[in-house]
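**Q** I have a structure here, written as structure tokens, and I will follow up with some questions on it.
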Amino acid sequence: MSDHVSMQDDTAGEASMNRERELAKAFVDLADTYAPDFDPLRLFSQLVHSCRGLLDVDAAAVMVADARGTLKTMAATEDEAAFIELMQMQTGRGPCMDCYRTGEARSVPSIATEQGRWPALVAAMADAGYQSLHTVPVRLHDRVLGALTLLNARTGELPEGDLHLAQALANSAALGLMHWSAEPRGDDVVTRVQGAIAAKSVLEVAKGMIAAHQGLSLPAAGRVLADYANRHQVSLAGTAQALVSRTMEPDALLDSAAEN
């Protein structure tokens with residue numbers, strides 16, 4: 001009996017150590033803004049994938065607000081059309097916009113109860129397969145830059161510890177954005193956020209170019225771009241810009257993939 005208890009304790013201890021290592025890595029990755037291949041697209045991608053890996057959630061997405069206060073999706077763990085539509089639903093009204101406007105976290109344990117308030121959002125979440133939504137502000141000190149959205153395919157509240165961790169990760173990403181040394185146009189918050197949004201827009205154009213050139217879906221084209229940047233340890237934003245400015249041809253990405 002004592003041996004069995006000891007084995008259980010060892011397993012629990014190992015799981016705890018693994019989680020601590022994963023937490024440490026997540027925060028280090030979000031703070032590593034001086035790496036030569038750092039760019040805001042990678043930063044936000046790390047944020048949402050860290051949330052899905054560390055928290056009791058099925059999907060995550062992060063949005064930041066442009067100069068007009070409209071939320072723009074910067075990264076998401078899912079790239080299905082239904083999920084993208086769900087994020088677009090959040091740009092004008094909904095819990096994510098409320099979170100951005102107030103700077104306070106919002107929880108919707110069962111989206112079905114909000115049919116009268118947000119009918120379009122309820123339908124979009126049902127189509128995408130999610131039943132609950134939780135969002136925390138992406139905040140730099142007292143300034144709210146956007147919202148981090150956490151979704152589950154089941155109803156229910158998120159553990160309080162997960163919400164606190166999500167907030168800490170979101171704040172780390174906001175701080176990382178301000179340390180983005182590659183952004184040449186200024187050090188103020190608005191400039192950094194607008195630079196990140198511009199980089200995301202260029203990425204979408206580059207994905208469209210790859211998709212049209214090779215007959216791929218947009219999600220598949222995005223994976224081609226990301227794989228190239230990872231293999232060559234270069235900036236994803238820089239790679240997208242090179243494609244859009246025609247200093248790199250789409251075939252270069254695919255030729256590189258074939259060589260590997």
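**Q** Any residue in the range 184-205 that is more than 23 Å from D79 (Cβ to Cβ), out of contact with any Cys (no Cβ under 8 Å at 6 or more places or on another chain), among the hydrophobic types (A, V, I, L, M, F, W, C) and in contact (Cβ under 8 Å) with a residue 24 or more places away in the chain?
**A** Within the range 184-205 (the criterion being more than 23 Å from D79 (Cβ to Cβ), out of contact with any Cys (no Cβ under 8 Å at 6 or more places or on another chain), among the hydrophobic types (A, V, I, L, M, F, W, C) and in contact (Cβ under 8 Å) with a residue 24 or more places away in the chain), the answer is yes, since at least one residue qualifies.
**Q** Being touching a helix residue (DSSP H, G or I) at 6+ places or on another chain (Cβ under 7 Å) and on the phi > 0 side of the Ramachandran plot, is that true of even one residue in the range 85-103?
**A** Checked the range 85-103: at least one residue is touching a helix residue (DSSP H, G or I) at 6+ places or on another chain (Cβ under 7 Å) and on the phi > 0 side of the Ramachandran plot.
**Q** Go over the candidates T135, T155 one by one and state the one that is of a type in the set (S, T, Y), under 27 Å from I197 (Cα atoms) and in contact (Cβ under 8 Å) with a residue 40 or more places away in the chain.
**A** When all the criteria are applied, what remains is T135.
**Q** Which of the residues spanning the range 87-124 are free of Cβ contacts under 8 Å to residues at least 60 places away in the same chain and under 18 Å from the mean Cα position of the chain (by Cα)? Reasoning before the result, please.
**A** If we filter the range 87-124 for residues that are free of Cβ contacts under 8 Å to residues at least 60 places away in the same chain, which is where we start, we get 88-104, 106-124.
Q88, M89, Q90, T91, P95, C96, M97, C99, Y100, R106 - these are the residues of the range 87-124 that are free of Cβ contacts under 8 Å to residues at least 60 places away in the same chain and under 18 Å from the mean Cα position of the chain (by Cα).
**Q** Check whether at least one residue in the range 154-166 is basic (K, R) and either modelled with pLDDT of 95 or more or in a strand (DSSP E or B) (or both), and report yes or no.
**A** Among the residues of the range 154-166, at least one is basic (K, R) and either modelled with pLDDT of 95 or more or in a strand (DSSP E or B) (or both), which makes the answer yes.
**Q** For G69, work out the one condition from (1) surrounded by fewer than 22 Cβ atoms within 10 Å (Cβ to Cβ); (2) at negative phi it doesn't fulfil.
**A** If we test G69 against (1) surrounded by fewer than 22 Cβ atoms within 10 Å (Cβ to Cβ); (2) at negative phi, just (2) comes out false.
**Q** Can you confirm whether T135 is modelled with pLDDT of 90 or more, under 30 Å from V189 (Cβ atoms) and buried (at least 23 other Cβ atoms within 10 Å of the Cβ)?
**A** It is true that T135 is modelled with pLDDT of 90 or more, under 30 Å from V189 (Cβ atoms) and buried (at least 23 other Cβ atoms within 10 Å of the Cβ).
The values are calculated or read from the model by the stated rules, or taken from the named source; none is laboratory data. This is a predicted model, so every value here is computed, not measured. Here the Cβ is made from the backbone with ideal geometry for all residues, glycine too, and neighbour counts use every protein chain on show.
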